[in-house]
Amino acid sequence: MKQLYKFSASWCQPCKSLAGNMKHVDFGDVELIEIDIDYDGDKATEFKIRGVPTLVFMQDGVEVRRKSGVLMADQIEELIK
């Protein structure tokens, strides 16, 4: 199972930019899970999120890669390969 966790916040301008870029991503068989850190702080703590936006790619329950900041669509697709 492949999952991409997107940690963001409604007040975060870079998060809004990332959300726009994600509209152009082919996620294939990757499940996208969006976490607003203001509403699910426990999940942010569990993943040791230090800033938003942060993307965490998981495969079979194991973290494979993590990137913070605004990424372009092709960078996101590279992250989830």
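The alpha-carbon atoms of the chain, seen along their principal axes, cover 28, 26, 15 angstrom, with the largest extent given first. Looking at region 20-57, the chymotrypsin sites (Phe, Trp or Tyr not before Pro) that sit in a DSSP loop and have at most 12 other Cβ atoms within 10 Å of their own Cβ are 39. Taken about its Cα centre, the chain carries a charge dipole of about 300 debye when Lys and Arg each add +1 at the Cβ and Asp and Glu each add -1 at the Cβ. Within a straight-line Cα-Cα reach of under 18 Å, residue 81 can be paired with the following aspartates and glutamates, leaving aside sequence neighbours fewer than 8 residues apart in one chain: 26, 29, 31, 60, 63. In terms of Cα atoms, the Rg and Dmax of region 38-79 work out to 11.1, 30 Å.
Calculated mean residue ellipticity, 222 nm, the chain: -7500 deg cm²/dmol, from DSSP H runs (n ≥ 4) at -39500 (n - 2.57) each, averaged per residue and rounded to 500. With contacts taken as Cα pairs under 8 Å at a separation of at least 6 residues, the chain carries a relative contact order of 43 percent.
Values in this text are rule-based calculations from the coordinates and carry no lab data. Quick caveat: nothing in here was measured; it's all calculated off a predicted structure. Neighbour counts are summed over all protein chains in view; Cβ atoms, including those assigned to glycine, are modelled from backbone coordinates with ideal geometry.
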